[in-house]
Amino acid sequence: MNRHISSRRTIKRVLRAVLGAGAVLATVPALAAEPVTSDAAQVAEGEALYEALCAACHAPDANRIGPAHREVFGSRAGSVDGFSYTPALQSLDVVWDEETLDRWLAAPAAMAPGTSMGVSVPDPDRRRALIAFLRSLSVAGR
């Protein structure tokens, strides 16, 4: 009889463990709903967005229709050597950082009326990814 009781206790323990594990696992999808983005993943996403949205006019290391972007992070607006900026950008008194790049990418014409930059990025997650990529182009990710 003790053996029978012991078996029941074991079964109850196993059932509790299984049900407890099931309760924990049931919360995993809710946790997974929160996006977890590593810096490397965000930079990679930003690079893909850069290729899709920016590369027609910009390149990291060469002036095109728009100025080169290597070292743009932390630099003064309108300061890339060898590029002919619009008066709107020449008079813009900002240093490119997360905040100023976010404002710029959201609405370039609102930040610098008369700019020739015609592309905006309304989605804040996309802007963050692009900014992460631009930051990665600077020396040691300043």
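Bear in mind that the values in this text are calculations on the coordinates, not laboratory data. It should be emphasised that the depicted structure is a prediction, and the values quoted were computed from it without experimental measurement. Glycine gets a Cβ as well: all are built from the backbone with ideal geometry, and neighbour counts include every protein chain shown.
General remarks:
- Extension gain, D123 to N63, is 19.0 nm, computed as 0.36 nm per intervening residue step minus the present C-alpha separation.
- The Cα trace of segment 39-137 gives Rg and Dmax of 12.3, 36 Å, the first to one decimal, the second as a whole number.
- FRET efficiency, 1/(1 + (r/R0)^6) with R0 35 Å, evaluated for E51 and V95 via beta carbons: 0.85
- Simple spin-label estimate for S79 and D39 gives 2.3 nm between the two label positions (7 Å along the Cα-to-Cβ direction from each Cα).
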